[in-house]
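As structure tokens, the structure follows; a few thoughts come after it.
The values are calculated or read from the model by the stated rules, or taken from the named source; none is laboratory data. Keep in mind it's a predicted model, so treat the numbers as computed, not measured. Because the Cβ atoms are built from the backbone with ideal geometry, glycine has one as well, and the counts that use them run over all protein chains shown.
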Amino acid sequence: MDRFVKFLTSRQLMGALFILLAAVLAVATFLENDFGFNASRAMVYNTWWFELIFVLLGINMFGNLFAFNLWRWGKAPVLLFHLAFFVIILGAAITRYIGYEGNMPIREGQTANTIYTTDGYVTLEVSDQSGSRIFHEKVFLSGKTPHEFSKEVTINGEDFSVKSTRYTYNAMMRPIEKGGGDPLLGILASSSSGRQEEFLKPGQQINAGGLNVAFAPDSDQPVDVAITMNEANQLIIQSIHPMKQSAMGTQQSAPIPGGTPVSLKPGTIYSVQGIKLAMSRFWPEAELKPAAMGGQGGGPGRDMVTFRISGNSQGRDVFVEGKKGDVGQPESVAVNGGMMRIRYGSLPLELPFSIRLNDFQLERYPGSESPSSYASEVTLIDPDQNKKMDYRIFMNNILNYGGYRFYQSSYDRDEKGTILSVNHDLWGTLITYIGYFLLSVSMLWSLFAKDTRFRKLLQKTNKIYLKRKGLATVFLILISVSVVGKDMPPKPDKEVASQLGKIWVQDKGGRIKPLNSLHQEIMVKLVKHNNFNGFNPDQMLLGMLLQPADWQRLPLITVKHPELKRLLSVSGRKAAFADFFDQGRVYKIKKMVDAAYRKNPANRNKLEQELIKVDEQVNVFYMAQSGDWHRIFPVNNNREMPWQVPSKPPKGLSGKDSLFVTSAMPSFIVAVRNGNQGKALKILDDIAGYQEAHGGKLLPSESKLKAEILYNRLNIFMWLATFFFAFGIILVIYNILGLVYPPVLKKWILKLSTGLIVGGFLYHTFGLALRWYVSGHAPWSNGYESMIFIGWALLLAGLVFSRRSPLVLSVTALFAGIVLMVSHLSWMNPEITNLVPVLKSYWLTLHVAVIIGGYGFMALGAILGFLNLLLTGLKTKENKLRLGLTIEELTAINEMALIVGLYLMTIGSFLGGVWANESWGRYWGWDPKETWSLITILIYAFVVHMRLIPGLRGKLAFNTASLLAFASVIMTYLGVNYYLAGMHSYAGGDPVPIPTAVYYAVVIVSVLIGYAYWKEKGVPPPTSPKGGG
């Protein structure tokens, strides 16, 4: 027994459970992507063995409270940290087994008191001589997990089993050929109400537009159209009404008197009283079974569950339509003198009060179809409490009453109804929040308490710092890049172009911004820079309007693939817009582009990938020259109307205003071409005056205009990317050389380099603040913004630990530069955009800021792990003492960075749970992003606990793990977005090609790890010099 208890509380089991749980969760996210959320819940999240893992973790954690004597006051932060997990697990258990959630649809002016569960239920009602019984069972049915329901019932003394055997997405009943089956006739009926296809067995009939159509009807069955089989097994159609017969695809028809039998032939239409009938197909022996119409649930149709009813030595299949979100229609089956009714779908639950929807309000960004916000004006009616209360429910603003929480979830297409998400989980949520709070307090406490691991690591680095000699030097190299210019068109006047850039424009998302921002976005898409041969963005776009033919012949569009160059007849790396069209103005690559778009992204070759990129640039150039993006004329302060473009006939304006809209920009172009600068500036002033008069209520402030133009001009993050990358390389190389050779000018170089990096960090901070002011929201709402914030967090982590080792600051500067460079790659969009309603929350600011801060410290840990492996590989007998001391110092800093990163990641994930609860009504839903955040937490928890696990201790093992663990951060941050389906996804789970750089990185890291381990074993221990310590 003692051995079993020791095993349950062993550190080896702890580590194994961390890795096992992380692996199981990772598999579950891919199961969800391939087979749906229900499959992942049935196969993983809601299984007994998944819960067992948590039970074992809880037992192990509780046992280690005693093993490490955490009950002492000096260990209080660590004790509180572990106890908080028990509180969180308790809250999660209450949510799992007691809480529930659903949706409440309400139309304007109507009152509702019923919610429909978000989970699917099978409802089985049994009626016999003893009475009626109803059974409700929650199930997670999917195509991968069709056997979730099983029930034994007794009907009139006989035992029967009801089991689900098949689940079909978006199903319809279709005939399947089967020997010994019934004859089945497929009939197509078309009327003014639409077209339908039905399958009839002998004796069955349908009603098609009021016309009764029967197949082999009984003699006493009244029908309008009867279809029978003669002795030669030929199908005969006969109508009591006059009928017309015509062949499909022809205009010829033959009249047939009522009561006249004729052959029923394929490809022939029979018209009776305005209803057109045709035979789709005839099956002599077949049965009807559900068949998928495509998709994986969530389509316009319903899913279908096949149930097998067995007993009395007999069995039969019952097909039940339904899906989550719908109540579903029951199927009735007579069994042994009794009756079964089976239904699948959401379970309706009545509330003790009602909600009336007075008004649903939807606001959009000006001139856009993108929702800015939506809200429900409701009245809560509780007759038992004699209470009537008006309330406004909108995103991130909930109605809390009687233990129920109502959230704004969605709305009807006609915008006359709302869909509220309803959550009933008061105690589960409250206890979990308490656990979150205790865990956060314990993490912060452990950073400052005396006897914690973090404080001991700080003391250790102080001792090492006193032992080792300082290392630092730096050389500043100024790198200039010259651009070889082509024969450029004339450059427009800088002042005129600058004033044009100050005109407001409305983008397709409804955001109002300076034309300078639009021009810069276009320039970056075309030439990848914000300056082109001396042209700034405003000059380039104005030049394209002034000299369209010259710019069409100018090589701007990057072409790399030899086959594409051959097709366009270009020899260099750039092609002109005109190169893409032949003399007949036919787009040369149109067919190839269409074929590339039709192909699965994962199967596109290099040529097809480049075709799509090049096609985008060609379209950007065309749109820029046509003026279709210059939506600069507002319509009478109307938020709903898109702003007008000069190139199209205006709508909703008076005759005078219409004339101005159509003539202003052409007059401006003519004035600039003629060199009449004064007139050109006057026209721009008139346009600005028009915008103020017709859109003054919509326009941002003058200060925001100046701030955004300043932000565009400074191009802060691209400049910092070059600075940090170049400066970081120099510092890293010199610091590594300084480990072997005596340092030069250590004190002054250290101060100078620290000052420059601090200056860059402050400039980075200024850039974030400026973008925040311009956009009106925290700058971490999309991929680009989160990347530049990761760069900021990485610099902050480096500065925090820079006093421990100058090498830390140099590598963080280098990798901050790399992160900023990545943020400016073509798949990252630096454009400032409006927020979707759910992102308009202060929880967004807290959640994303904290969790990305954690990414920064984890990135520092990976960098230090890589550096320590590299230094291990450089060890020799002569330098082993010197490098060993450096590795020991950097490893201690690495562990501190990972502890801080783990704390921030954990707190950030909890804040994300709070945000999700305030927005959608649940704090945890096993979304792939949430799950991979938990996986990352588990992996890093394993890494920081490796020092306690026999066989995994040691600096080399820790640094290897800190480097490999960062793969989970990359998957959480990027992989989920592009490879898994979920609320955080960009690609909806569609596979996209894995970048080639990933394979190179795997090879490099593998070789480095292998070489470091080989070198660590092969380097003999050094001979300590006299007096050495």
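Annotations
- Just one of the listed residues (LYS679, LYS648) is modelled with pLDDT under 90 and out of contact with any His (no Cβ under 9 Å at 6 or more places or on another chain), and it is LYS648.
- Considered as a group, the residues in segment 960-984 that are modelled with pLDDT of 80 or more and not hydrophobic (A, V, I, L, M, F, W, C) include one that is surrounded by the fewest Cβ atoms within 10 Å (Cβ to Cβ), and that residue is GLY975.
- When segment 680-710 is limited to residues that are small (Gly, Ala, Ser) and part of a helix (DSSP H, G or I), the one that is farthest from VAL774 (Cα to Cα) turns out to be ALA680.
- Residue in segment 793-804 that is under 23 Å from the mean Cα position of the chain (by Cα) and either on the phi > 0 side of the Ramachandran plot or in contact (Cβ under 8 Å) with a residue 12 or more places away in the chain (or both) present: yes
- Residue in segment 190-248 that is nearest to SER280 (Cα to Cα), counting only those that are among the acidic types (Asp, Glu) and surrounded by fewer than 16 Cβ atoms within 10 Å (Cβ to Cβ): GLU197
- Residues that are within 29 Å of the chain's Cα centre (by Cα) and among the hydroxyl-bearing types (Ser, Thr, Tyr) number at least 2 in the following strands (runs of 3 or more DSSP E) confined to segment 381-429: 404-411, 417-424.
- Conditions (1) more than 28 Å from the chain's Cα centre (by Cα); (2) crowded, with 23+ Cβ neighbours inside 10 Å; (3) at pLDDT 90 or above; number of the one not met by PHE866: (2)
- Any hit, segment 212-223, residues being without any contact (Cβ under 8 Å) to a residue 24 or more places away in the chain, in a strand (DSSP E or B), under 18 Å from ASP182 (Cα atoms) and assigned by TED's automatic domain parsing to the domain that holds TRP283: yes
- One residue alone among GLY109, GLY180 is over 16 Å from GLY328 (Cα atoms) and at pLDDT below 90, and that residue is GLY180.
- Of the residues making up segment 45-60, at least one is touching a helix residue (DSSP H, G or I) at 6+ places or on another chain (Cβ under 7 Å), surrounded by 18 or more Cβ atoms within 10 Å (Cβ to Cβ) and closer than 21 Å to SER933 by Cβ.
- Qualifying residue in segment 1008-1020 (condition: within 27 Å of LEU883 (Cβ to Cβ), at pLDDT 90 or above and basic (Lys, Arg)): no
- Listed by position, the helices (runs of 4 or more DSSP H) enclosed by segment 1-79 that each have at least 3 residues that are free of Cβ contacts under 8 Å to residues at least 40 places away in the same chain are 2-8, 11-35, 48-67.
- Filter pass, ILE187 being part of a strand (DSSP E or B), modelled with pLDDT of 90 or more, in contact with a Ser or Thr (Cβ under 8 Å, 6 or more places away or on another chain) and not assigned by TED's automatic domain parsing to the domain that holds VAL139: yes
- Within segment 529-545, residues that are on the phi > 0 side of the Ramachandran plot sit with their Cβ atoms under 7 Å from residues that are at pLDDT 90 or above, at 6+ positions apart or across chains, in these pairs: GLY534/LYS491.
- Taking the criterion of being surrounded by fewer than 20 Cβ atoms within 10 Å (Cβ to Cβ), in contact (Cβ under 8 Å) with a residue 12 or more places away in the chain and either more than 23 Å from VAL335 (Cα to Cα) or aliphatic (A, V, I, L, M) (or both), the only residue of segment 125-138 that qualifies is LYS138.
- Qualifying residue in segment 102-124 (condition: surrounded by fewer than 19 Cβ atoms within 10 Å (Cβ to Cβ), more than 30 Å from ALA375 (Cβ to Cβ), in contact (Cβ under 8 Å) with a residue 40 or more places away in the chain and not acidic (Asp, Glu)): no
- GLY509 in contact with a Gly (Cβ under 9 Å, 6 or more places away or on another chain) and either surrounded by fewer than 20 Cβ atoms within 10 Å (Cβ to Cβ) or of a type in the set (D, E, K, R) (or both): no
- Segment 403-425, subset loosely packed, with under 15 Cβ neighbours inside 10 Å and in contact with a strand residue (DSSP E or B) (Cβ under 9 Å, 6 or more places away or on another chain), residue nearest to GLU363 (Cα to Cα): GLU415
- Looking across VAL672, VAL661, one residue alone is in contact (Cβ under 8 Å) with a residue 40 or more places away in the chain, more than 37 Å from the chain's Cα centre (by Cα) and either closer than 22 Å to GLN625 by Cβ or surrounded by fewer than 18 Cβ atoms within 10 Å (Cβ to Cβ) (or both). It is VAL672.
- Comparison of ALA987, ALA1001, ALA997 shows that the only residue that is modelled with pLDDT under 85, farther than 19 Å from TRP932 by Cα, in the same structural domain as THR876 (by TED's automatic domain parsing) and out of contact with any Leu (no Cβ under 8 Å at 6 or more places or on another chain) is ALA997.
- Residue in segment 508-524 that is outside any loop (DSSP other than H, G, I, E, B) and more than 30 Å from ARG364 (Cα to Cα) present: no
- Some residue of segment 61-81 being in contact with a Phe, Trp or Tyr (Cβ under 6 Å, 6 or more places away or on another chain), of a type outside the set (S, T, N, Q) and over 30 Å from TYR167 (Cβ atoms): yes
- Residue satisfying condition, being free of Cβ contacts under 8 Å to residues at least 60 places away in the same chain, assigned to a loop (DSSP other than H, G, I, E, B) and over 30 Å from the mean Cα position of the chain (by Cα), within set LYS651, LYS656: LYS651
- For segment 619-626, the count of residues that are within 30 Å of PRO514 (Cβ to Cβ), in contact (Cβ under 8 Å) with a residue 12 or more places away in the chain and over 32 Å from the mean Cα position of the chain (by Cα) is at least one.
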